[in-house]
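Engineer: Below is the structure I would like to discuss, written out as structure tokens.
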Amino acid sequence: LFPIERIKVYSPHKENREALCYNLQNKVNAEIIPASSTEEAMEDYDILATATNSYVPVFDGNRLKAGDHVAMAGAKSECDPTTYERSAFVGGQASDLATFWYPPDKAPMESSWSQTWRSEWEYKFRTLGKMVAGIEKGRDTEKDITFFGGGPSHGLGIQYAAGVTAYRRAKEEGIGYE
């Protein structure tokens, strides 16, 4: 693993991005930089992480470059179809299509995700569990654009199992912070 040296933070709300940068500055061993636009945030980076509740894409998938990794932690709608198209694989927690139960004419906005996921992307979908177990490959080449957090399911939360294990080990070794 390579250390993360610089983290750029973008929010359309200046006070939110500056507050996050301030709160992180003594908690991570990296330079924290507020970015005034998604374009600025996407200059000189290797990992693009999103964590929003946006119902529209928050960056242009055409700006991704060879070798990038996209980690989507928020709404399924925060990435555009170009991100899926350009990714060598799309990783997710489960392959089952997310389902929603709601009264007639009261569909939540998230239910439209099933109309966004395209069947022609299924060949590139890989599950986290199978990648961790070595059953499915992750990145095929160092130039692949990889994408985690996409796929037809809204997830099972399986990624938190690894987080709990890492937290327990860090606590045992007296490293990290709460």
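Engineer: Is the shape of region 34-97 best called rounded, prolate or oblate, per the rule: a/c under 1.5 gives rounded, else a/b larger than b/c gives prolate, else oblate, with a ≥ b ≥ c the square roots of the Cα gyration tensor eigenvalues?
Structural biologist: Working: a/c = 1.87, a/b = 1.33, b/c = 1.41.
Oblate, because a/c is 1.5 or more while a/b does not exceed b/c.
Engineer: Sticking with this one: Tell me which residues come under 5 Å, amide H to amide H, from Gly91 once H is placed; ignore anything under 5 positions away on its chain.
Structural biologist: Arg126, Phe147, Phe148, Gly149, Gly150
Engineer: Based on the Cα coordinates of region 1-64, what is the per residue volume of their convex hull in Å³?
Structural biologist: Once divided by residue count, the hull of region 1-64 is 100 Å³.
Engineer: Please compare each pair in Lys106/Lys143; Lys27/Lys76; Lys65/Lys106; Lys14/Lys130 to a cut-off of 32 Å on the Cα-Cα distance and tell me which ones are over it.
Structural biologist: Lys106/Lys143; Lys65/Lys106; Lys14/Lys130
Engineer: If you plug each phi of region 77-86 into the Karplus form 6.51 cos²θ - 1.76 cosθ + 1.60 with θ = phi - 60°, what whole-Hz ³J(HN,Hα) values come out, in order, with x for Gly and Pro?
Structural biologist: 7, 6, 10, 7, x, 4, 4, 5, 4, 7
Engineer: Let me ask you something else. If you rank Leu48, Leu24 by how much accessible surface each has, with a 1.4 Å probe, what is the order from largest down?
Structural biologist: On the way: Leu48 20, Leu24 40 Å².
Largest to smallest exposure gives the sequence Leu24, Leu48.
Engineer: OK, next. What FRET efficiency comes out for the pair Ile175/Ala19, r = Cβ-Cβ distance, R0 = 35 Å, nearest 0.05?
Structural biologist: 0.85
The values are calculated or read from the model by the stated rules, or taken from the named source; none is laboratory data. Predicted, not measured: the structure shown is a model, and the values here were computed from it. With ideal geometry, Cβ positions are generated from the backbone for all residues, glycine too; neighbour counts draw on all protein chains shown. Please note that ligands, DNA and RNA were not included when accessible areas were found on the heavy atoms of the full protein model with its side chains. Shrake-Rupley method; radii C 1.70, N 1.55, O 1.52, S 1.80 Å.
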